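Contents: one structure, followed by commentary.
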Amino acid sequence: MSLASSTGSVHVRAPGKINVYLGVGGRDDDGYHALATVFQAVSLYEDVIARHDDGFSLTVSGVEDVASVPLDDRNLAMRAAKLLAAATEYPGGVALEIRKSVPVAGGMGGGSADAAAALVACDALWGTGLSPARLHDLAARLGADVPFALHGGTAVGTGRGDHLNPALARGRFDWILVTSDQGLSTPVVYQRLDLLREEHGALADDPPMSLDVPIPVLQALRAGDPVQLAEGLENDLQTAAVYERPDLEDVIRQGVAAGALQGIVSGSGPTVALLCPDPETAQDVQTSLREAGLDPLHVHGPVAGARILA
Ligand code: C5P
């Protein structure tokens, strides 16, 4: 038995993410879209504590609207624990406690971070000792963003976003995140993109099924240059997210007016990520947006993926 499992509980922390670049191609037969994306893990974390139990149960704290997070098999962390138990033929269960900081349905992969953390926590608690490659396989079966939450850092995702390659990234990037009380549904935003594409003459399956991340984006990350990265920020889901939530464009405008280099909707939104040139400017932007009645958070990236806390 490992040290972790002998203590009776394991505490894992996993980061939320921003899609610095998100190119969306055509839709596959299974309903998923081809992606070329760059993920960056940022310093906003989900904490998952796993304790031995005969059955499977889940508690969640850190959310205002408790009803917004399911506690049954619709919850990705619960599904992760059960998937690991099935894959390893582990006979027992687990009591999972999730302490949330990443916004629910915010486009920052909070549910995916919970799932990644639950996989790592249960693997340690149960002593099932899966290799990183097998954990990655299970993560990819749970959702397109889950493998990245395991790995963290900065990575290029292709396929559905689950084929990962680490990207070289130097230094630290400062972001102001503006969260929303009301979440956006990821499938709804993808469907809206398909509809908008159809309306503009291109059928939903006309866009390419294989995409690349533009070289200047990768160069900017490698150079640790926020000014260059700001020029490359792009999200193909943004038009669809803004269609559902027109106020997001105002938030980006306000952030840039306050000193941010550029802003982008994070993933399927509605969180807006504003890239700042340095920590001091980020603080100024945060103060200014707070005075305007918004709820801005100052985070930085890249940070590590799902990790057991001592
Ligand atoms: O994989 P995940 O559960 O995060 O995806 C949620 C939904 O987002 C999918 O059911 C699908 O509608 C949409 N999606 C997509 N293409 C992707 C990833 C997600 O259409 N590459």
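Grab every C-alpha pair in region 173-301, bin the distances at 10 angstrom width from 0 up to the longest one, and report whole percents.
Spelled out per bin, shortest first, that is 13, 38, 33, 14, 1.
Which percent of the accessible heavy-atom area of region 173-301 goes to carbon and sulfur, probe 1.4 angstrom?
48
Given a cut-off of under 8 Å on Cα pairs at least six residues apart, what relative contact order in percent is computed for region 173-301?
Computed value for region 173-301: 40 percent relative contact order.
Excluding ligands, DNA and RNA, what is the solvent-accessible area per residue of the chain at a probe of 1.4 Å, expressed in Å²?
44
Would you work out what percent of the accessible area of region 3-168, with all protein chains in place, is carbon or sulfur (probe 1.4 Å)?
50
Under the Kirkwood approximation applied to all pairs of distinct alpha-carbon atoms, what is the hydrodynamic radius of region 3-168 in Å?
16.0
How far apart, in nm, are the 7 Å Cα→Cβ label points at Ile215 and Arg134?
Simple spin-label model gives 4.2 nm for this pair.
So what is the relative contact order of region 97-203, in percent, for Cα pairs below 8 Å that sit 6 or more residues apart?
Taking the mean separation of contacting Cα pairs over the length of region 97-203, I get 24 percent.
Nearest 500 deg cm²/dmol is fine: what mean residue ellipticity at 222 nm does the chain get from its DSSP H runs of n ≥ 4 alone, each adding -39,500 (n - 2.57), divided by its residue count?
-10500 deg cm²/dmol
Taking N as the number of residues in the chain, what is its alpha-carbon radius of gyration divided by 2.2 N^0.38 Å?
Relative to the rule-of-thumb radius for its length, the chain sits at 0.98.
Please state the relative contact order of the chain as a whole percent: Cα pairs under 8 Å, 6+ residues apart?
Rounded, it is 26 percent for the chain.
Could you sort Lys17, Lys82 by their accessible area in this structure, using a 1.4 Å probe and putting the largest first?
Lys82, Lys17
The values are calculated or read from the model by the stated rules, or taken from the named source; none is laboratory data. What you are looking at is a predicted structure, and each value in this text was computed from that prediction instead of being measured. FYI the Cβ positions are ideal-geometry reconstructions off the backbone, even for glycines, and counts take in every protein chain you see. Surface accessibility is based on the protein's heavy atoms, side chains included, excluding ligands, DNA and RNA. Shrake-Rupley method; radii C 1.70, N 1.55, O 1.52, S 1.80 Å.
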